[in-house]
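Structure first, commentary second.
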Amino acid sequence: MAELAALEDPKAREVNERHGDDHGVNLGKLRALAKRLKTQQDLAHRLWETGDTAARLLALLVCRPKAFGRDELDAMVREARTPKVHDWLVNYVVKKSPHAEELRLAWSADPDPVVASAGWALTTERVAKKPEGLDLAGLLDVVEAEMKDAPDRLQWAMNHCLAQIGIEHAEHRARALDIGERLEVLKDYPTSPGCTSPFAPVWINEMVRRQQAS
């Protein structure tokens with residue numbers, strides 16, 4: 001904890017706080033620290049229990065993803081209230097867990113929009129890597145009905161799923177583009193030069209263009 005405190009940078013904290021993340025640790029330095037510590041599941045547990053955001057991010061880098069039980073991951077996602085911790089927990093830990101599919105189904109139907117967003121993130125992963133058995137048309141129905149009025153984090157996750165369906169599955173592309181155009185979610189999102197807009201129609205068309213060019 002003292003070492004994490006020493007990595008605190010007020011400017012980094014200021015930038016992070018704009019995104020809802022209450023930590024000031026440079027993530028490159030955090031990753032270097034994790035590399036030195038290597039995998040330590042017991043330490044990961046203790047770091048997580050501090051409740052400190054930087055400590056929790058470090059915990060997610062040094063843990064053994066497959067060592068967590070289903071209920072443990074469920075409790076962690078409910079405790080992970082800052083966007084970066086939530087994001088790393090889902091991407092670095094839950095996606096590698098043998099419980100990922102069971103949690104995907106449970107979380108997608110959760111009344112807490114942040115927990116539901118984790119379910120959608122896991123669904124997006126399956127859309128891209130293991131779509132067999134997924135009802136893609138049904139997912140588009142839900143996005144069409146609910147994305148426009150969903151809270152920010154859930155809306156973002158649904159939008160990513162919409163884009164992924166359009167990018168990966170040509171037979172659903174026209175409908176995905178149409179839903180994106182009509183709902184106009186993230187249409188005016190500020191995008192840095194050289195980055196692709198998260199507005200689904202622009203995102204889908206750009207990624208498809210790249211796939212066809214390669």
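Some points to look at:
- Take the conditions (1) out of contact with any Pro (no Cβ under 9 Å at 6 or more places or on another chain); (2) within 30 Å of residue 174 (Cα to Cα); residue 117 misses just one of them, which is (1).
- Put simply, of 74, 87 the only residue that is in a helix (DSSP H, G or I), more than 11 Å from the chain's Cα centre (by Cα) and of a type in the set (Asp, Glu) is 74.
- Within segment 180-192, residues that are open to solvent by 90 Å² or more (accessible area, probe 1.4 Å) reach partners that are part of a loop (DSSP other than H, G, I, E, B) and not hydroxyl-bearing (Ser, Thr, Tyr) with beta carbons closer than 7 Å, at six or more positions or on different chains, in the pairs 187/199; 189/198; 189/199.
Here's the yes/no breakdown for (1) closer than 21 Å to residue 84 by Cβ; (2) open to solvent by 40 Å² or more (accessible area, probe 1.4 Å); (3) in contact with a Gly (Cβ under 8 Å, 6 or more places away or on another chain); (4) free of Cβ contacts under 8 Å to residues at least 60 places away in the same chain:
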{"site": "111", "(1), (2), (3), (4)": "no, yes, no, yes"}
{"site": "115", "(1), (2), (3), (4)": "yes, no, no, yes"}
{"site": "122", "(1), (2), (3), (4)": "yes, no, no, yes"}
{"site": "134", "(1), (2), (3), (4)": "no, no, no, yes"}
{"site": "138", "(1), (2), (3), (4)": "no, no, no, yes"}
{"site": "144", "(1), (2), (3), (4)": "no, yes, no, yes"}
{"site": "150", "(1), (2), (3), (4)": "yes, no, no, yes"}
{"site": "158", "(1), (2), (3), (4)": "yes, no, no, yes"}
{"site": "169", "(1), (2), (3), (4)": "no, no, no, yes"}
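Rundown of residues vs (1) more than 30 Å from residue 190 (Cα to Cα); (2) polar (S, T, N, Q), yes/no style:
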{"position": "8", "(1), (2)": "no, no"}
{"position": "17", "(1), (2)": "no, no"}
{"position": "29", "(1), (2)": "no, no"}
{"position": "38", "(1), (2)": "yes, no"}
{"position": "41", "(1), (2)": "yes, yes"}
{"position": "54", "(1), (2)": "no, no"}
{"position": "83", "(1), (2)": "no, no"}
{"position": "94", "(1), (2)": "no, no"}
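- Condition check for residue 47: out of contact with any Lys or Arg (no Cβ under 7 Å at 6 or more places or on another chain), open to solvent by 10 Å² or more (accessible area, probe 1.4 Å) and not charged (D, E, K, R): no
- Count of residues meeting criterion [surrounded by 19 or more Cβ atoms within 10 Å (Cβ to Cβ) and among the basic types (Lys, Arg)] in segment 74-88: 1
- Every residue from segment 4-44 that is part of a helix (DSSP H, G or I) and open to solvent by 90 Å² or more (accessible area, probe 1.4 Å): 10, 11, 14, 17, 18, 29, 31, 35, 36, 42
The values are calculated or read from the model by the stated rules, or taken from the named source; none is laboratory data. Quick caveat, the model's predicted, so the values are computed rather than measured. In this analysis, Cβ positions are derived from the backbone assuming ideal geometry, glycine residues included, and neighbour counts consider all displayed protein chains. Protein only, heavy atoms only, side chains kept; ligands, DNA and RNA dropped before computing areas. Shrake-Rupley method; radii C 1.70, N 1.55, O 1.52, S 1.80 Å.
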